[in-house]
């Protein structure tokens, strides 16, 4: 009985292999090829990302050294790619354009980053603020308000810078009641840079709003207000 049972099992295995052996072998080969292809693609992506990062660092070093031409040569191929390195390259290119006085071209690059849904939101917010700042004088006040309203709220990392631009846009529209209180909030926010607080404190004072919450902090060594009021 044991011999008969072994023979039956052997026959079943042979029948299975004859019927399904080739398709099964093909499936295994395809799976192995797919895995090999994925591993190669992953390795290549990592290598390209490392190369792009190295080139980006070299380009930033060129910018710091005043070598704009050398930086641009390194940034151009990175900026046309994808991923974080491409985004940083585009931001660096836009910054270089601003330094050259090419605000319109810089604003276009910042806009590209700001509208890229694949870019992390903090970088998109940065690009939005820089875009508006680069094209500020040419934008309608309401566009400035609409684009920066979410960023000009207390607690937002861009509250001070975005809020100042929104406040000035309100002034251009003659909306003193919206601009004044906003300047006051920025001036009283101790997390903001002192120079920014001094500017908006002075603007608030000119509009008739008291933005001084600490006389010692707001005043200079001789008692004069740091904002020039």
**Request:** Can you grab the distance from the C-alpha centre of the stretch 101-142 to the C-alpha centre of the stretch 150-200, Å, no decimals?
**Result:** 19
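Determine, from the Cβ-Cβ distance of residue 149 and residue 117 and an R0 of 22 Å, the FRET efficiency 1/(1 + (r/R0)^6), rounded to the nearest 0.05.
Values: r = 20 Å, r/R0 = 0.90.
After rounding to 0.05, the efficiency reads 0.65.
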**Complete:** Distance in nm between residue 33 and residue 108 label points, each 7 Å along Cα→Cβ, equals 4.5
**Inter-site label distance for residue 156 and residue 173 at 7 Å from Cα along Cβ, in nm** = 1.4
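Any read-out appearing in this document is the output of simple, stated calculations on the displayed coordinates, not a laboratory observation. Remember, it's a predicted structure, so these values are computed and weren't measured experimentally. Cβ sites come from the backbone with ideal geometry, for glycine too, and all protein chains shown count toward neighbours.
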